[in-house]
1. Could you list all residues from region 107-157 that are basic (K, R) and either under 29 Å from P174 (Cα atoms) or in contact with a Phe, Trp or Tyr (Cβ under 8 Å, 6 or more places away or on another chain) (or both)?
2. I'd like to check something: does region 133-140 contain any residue that is touching a residue at least 12 places away in the same chain (Cβ under 8 Å), closer than 17 Å to S252 by Cα and of a type in the set (G, A, S)?
3. Which residues, counting only those in region 193-248, are outside any helix (DSSP H, G or I), open to solvent by 60 Å² or more (accessible area, probe 1.4 Å), at pLDDT 80 or above and within 28 Å of G74 (Cα to Cα)?
4. Across region 70-98, what is the number of residues that are in contact with a helix residue (DSSP H, G or I) (Cβ under 9 Å, 6 or more places away or on another chain), under 15 Å from D136 (Cα atoms) and either outside any helix (DSSP H, G or I) or open to solvent by 70 Å² or more (accessible area, probe 1.4 Å) (or both)?
5. When both residues are 6+ apart or on different chains and their Cβ atoms are under 7 Å apart, which pairs have a first residue that lies in region 12-41 and is part of a helix (DSSP H, G or I), and a second that is among the aromatic types (F, W, Y) and modelled with pLDDT of 75 or more?
6. What are the residues in region 99-130 that are closer than 19 Å to V177 by Cα, without any contact (Cβ under 8 Å) to a residue 60 or more places away in the chain and not in a strand (DSSP E or B), if any?
7. Taking region 16-69 only, how many residues are closer than 30 Å to A220 by Cβ and either open to solvent by 90 Å² or more (accessible area, probe 1.4 Å) or not polar (S, T, N, Q) (or both)?
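The values are calculated or read from the model by the stated rules, or taken from the named source; none is laboratory data. Just so you know, these numbers come straight off a predicted model, no measurement behind them. Neighbour counts run over all protein chains shown; Cβ positions are idealised from the backbone, glycine included. Calculation scope for accessible area: heavy atoms of the full protein, side chains included, ligands and nucleic acids excluded. Shrake-Rupley method; radii C 1.70, N 1.55, O 1.52, S 1.80 Å.
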Amino acid sequence: GSGDFRHFARSFNRMAGALQTADRQRRELLADVAHELRTPLTVIQGNLEGLRDGVYEASPEHLDLVLDETRKVGRLVDDLRLLTLAEAGQLPLDLQILDVRQLLTDVRDSCAWRAGDAGVAVVLGVPDALPPLAGDPQRLGQVLGNLLANALRHTPAGGQVTLTAALDPDDPVPSHVLLRVADNGEGIPAEDLPRIFDRFWRGDPARSHGAGAGSGLGLAIAKGLVEAHGGGIWAESRVGEGTTISLALPLSLPASQ
């Protein structure tokens, strides 16, 4: 009857709207990728033409400069592949039973040299009786390492970054562990906060292509990897006070077992 037709029409309109959104996102992604590739490729082409024409000398320093730009393109391609697989739900995960303290300790140790260079202390806060979580150690290490590197980049010398883990106090039978990477650095303006997990979003344009700016995909990849684990990720921040990124990741077993 007419009710069935209305239901069909609404379903069709929803599907058409979803396809339209997906198509727009695909076009935006392609435009972003083209924009991101243009800068290093222009540098590579200009320098190679200069070397060929004798304008530049083929010194090790000059060749290193060109090589750095090719590595930048390579990292961007690798990051895009990882993000695409994660968002499509096709990323294979090597799920293991992980000790949370060990996971956070390994991440802290892997960034110790960077923290030392930045003059920032990295402090761990993990309670003793914390149940293990179910996760891919390499992927979660990548997420947490990326978040810690971001925090160190935006925290002035003498500042502090804390890595903490806790069960959700509001959950009577905890099913997730909450991991937090908190800094007391420059913070993120409130209007920018909803966009920090978007692809290629970097905030301050002055930092967009500077040294250590990365591909602009780090937080989008973190979101994709956390969601691939069945978890969630969100950010809280106040300008001048610091930023906290929180991850909720599934425990391997309910805490009561």
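1. The answer is R108, R139.
2. yes
3. D198 - this is the single residue of region 193-248 that is outside any helix (DSSP H, G or I), open to solvent by 60 Å² or more (accessible area, probe 1.4 Å), at pLDDT 80 or above and within 28 Å of G74 (Cα to Cα).
4. Matching residues across region 70-98 total 8.
5. D32/F200; E36/F200
6. D99, Q102, L103, T105, D106, V107, R108, V126, P127, D128, A129, L130
7. 34
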